[in-house]
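The values are calculated or read from the model by the stated rules, or taken from the named source; none is laboratory data. Not measured: the values here are computed from a predicted model. We place every Cβ from the backbone using ideal geometry, glycine too, and count neighbours over all the protein chains shown.
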Amino acid sequence: MTDPGPNGARATTRRSQPAPDVSRNAGDLSRFHPQTRAVLAGRGGPLADGAVNPPVHRASTLVIDTLDGLYGEGKRTYALEGMAVHQALRSALLEISGGAGATLAPSGLAAVTLALMTIARDGGEILVVDSCYGPTRRLCDTLMKRLGLRTRYYPARIGERIADLMTTETCAVILESPGSLTFELQDVPAITAVCRARGVPTIIDDTWSAGVYFDPFKHGVDLSVQALTKYQGGHADVLVGAVISADAAMAQRVNRTCREMGLGVSADDAYLTLRGIRTMPVRLAAQSAAALTLAQWLETRAEIARVLHPALPSHPDHAIWARDFTGAAGLFGLVLRPMTKPALKAMLEGYALFSLGFSWGGYESLIIPCDPQITRTAEAWTAEGPLLRLSIGLEHPDDLMADLAEGFARAAAAS
C-alpha cells in the first residue's frame, strides 16, 4: 500500500538486497523512507575515520603486501576497480533503488553500452523500444551492428504483444519508460512477464525516475540503467552512470564485462555524485511539484496543443503511471500549436531563466526543441506543431511561468 505524499507523490518503502558493508547501518535501512536512506547510505566504514563523508582516493596504483596477494583472487589490485568512495556510491544506489549489485560507468551512455555488451551475443537480436534515448539508438545502429548484433525497434505501447516479435535469436529487450522525448509509458510488468517466461533478460533506462519513483525490480526488470549525471549529480557538473542488477548472478556478469571493457569512474566524480544523492529526494520533490504546476498551467494556454506529462490525467498512459509510479520527475514535454520558425526562434532565444541545453535533472531549468532528434522506425510520430522538452530546476514556479509567458508573447509578436 502507498500513501499520498507531497505534490501527489506516493511514499513507498522498498527493501533492497544487502549492500556492501560501508554504511553504519548497512543492510538495515529498508525501514526508512527514501529521503532518509539517501542521507545514511554509504556512510561510515573503517576508512572514514569519523568523517561524515567517505575519503576520496585519487589513485591508480595500489601497493600489494605479498606475492600471493599480487596474483591471488578476491583482492583489489588496481584502483580502476574503485576505492572507498566508489563503494559508498554503489551502496547508496542499492539502498535507494534496490537490487543486488551496482556497477559504475563514466556516463549514462557508457552504462547503456555496458548493459548491452553484457547480454550481447554474435548473431543475436535485441528488441528496443522505438521511443528510446537517441544515443541508445545510435549505439544499436552502429557499434552493436558492427559487432554482429541485430536491432529491431518496437512500439512503446506494445505490452504483452512483444511476444509476437520474439524469436530464438532474441537476447534482450530494452525498455525506457517514459520515452526520452515523447513520454510514452510502457506496460513494463506485461513485457517482463513475457521475457521471463522465455528466459530473455530485460534492460530499462530508469533515469527519469532516478530509481526513486519507479521500482524496476518489483516490475520484473533484470538490469536498470541510470544516468547519474541527471538527478543524482543534480548540479550539472558531473558525468556518471550505473547499471544496477536484479540478482547477484547478473551483477557478476556486469562487473566482469565492466572489467573487460576497462571502464572506470574517477574518485572525484563518484564523490560529487554521492554528495548529490544526499539532497536528491528533496530536490526531486521540489522539481516534481514545480513541473506539475507548470504542466497544469501550460494546459490552459492557447499556444499549447498537448502537454506530455504522465502525471496529468490527460496523458494517454496516465493509468500506467498511477499504477506503477510513486511520483513524477521534473522532465516533461509539450506540443505547440503550429508556429513559424521565426516565431519559435524568438520565443526560445529570449528567455531569462530557461536555457537551451541537452541535459536535464540539474538545479537549472532547460528547454529544447526536439523535432530534429525524433527518429521512429516502428511507428510514426505525428504532432500538431513543434515538440519541446522542459527540464524544471529549482527556480520558483511563478518566475518560470512568467518567463514562459513572455516567450509566448515574443512568438506572437514575431508571427
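For the stretch 359-386, which positions are surrounded by fewer than 18 Cβ atoms within 10 Å (Cβ to Cβ) and outside any loop (DSSP other than H, G, I, E, B)?
369, 371, 372, 373 - these are the residues of the stretch 359-386 that are surrounded by fewer than 18 Cβ atoms within 10 Å (Cβ to Cβ) and outside any loop (DSSP other than H, G, I, E, B).
Residue check: is residue 244 surrounded by 24 or more Cβ atoms within 10 Å (Cβ to Cβ), within 18 Å of residue 132 (Cα to Cα) and among the aliphatic types (A, V, I, L, M)?
The answer is no for residue 244.
Tell me, which residue of the stretch 298-348 that is of a type in the set (Phe, Trp, Tyr) and either without any contact (Cβ under 8 Å) to a residue 40 or more places away in the chain or touching a His at 6+ places or on another chain (Cβ under 8 Å) (or both) is surrounded by the fewest Cβ atoms within 10 Å (Cβ to Cβ)?
321
Got a sec? Which of 400, 356 is within 24 Å of residue 229 (Cα to Cα), touching a residue at least 12 places away in the same chain (Cβ under 8 Å) and loosely packed, with under 13 Cβ neighbours inside 10 Å?
Selected residue: 356, the only one of 400, 356 that is within 24 Å of residue 229 (Cα to Cα), touching a residue at least 12 places away in the same chain (Cβ under 8 Å) and loosely packed, with under 13 Cβ neighbours inside 10 Å.
Report yes if residue 282 is aliphatic (A, V, I, L, M) and within 16 Å of the chain's Cα centre (by Cα), otherwise no.
no
So if I check each of 89, 114, 94, which one is in contact with a Ser or Thr (Cβ under 8 Å, 6 or more places away or on another chain), over 14 Å from residue 232 (Cβ atoms), touching a residue at least 60 places away in the same chain (Cβ under 8 Å) and buried (at least 24 other Cβ atoms within 10 Å of the Cβ)?
Only one candidate qualifies: 114.
Please specify each residue of the stretch 353-398 satisfying the condition of being of a type in the set (Asp, Glu), farther than 16 Å from residue 293 by Cα and at pLDDT 95 or above.
364, 384, listed by residue number.
If you scan the stretch 56-75, which residues turn out to be within 36 Å of the chain's Cα centre (by Cα) and not in a loop (DSSP other than H, G, I, E, B)?
61
Being aliphatic (A, V, I, L, M) and more than 18 Å from residue 160 (Cβ to Cβ) is the filter here, so list the residues in the stretch 204-240 that pass it.
As a first pass, look at the stretch 204-240 and keep what is aliphatic (A, V, I, L, M): 204, 210, 212, 221, 223, 225, 227-228, 236, 238-240.
210, 212, 223, 225, 227, 228, 236, 238, 239, 240, listed by residue number.
Got a number for residues in the stretch 189-205 being touching a residue at least 60 places away in the same chain (Cβ under 8 Å) and either surrounded by 24 or more Cβ atoms within 10 Å (Cβ to Cβ) or among the aromatic types (Phe, Trp, Tyr) (or both)?
Qualifying residue count for the region: 2.
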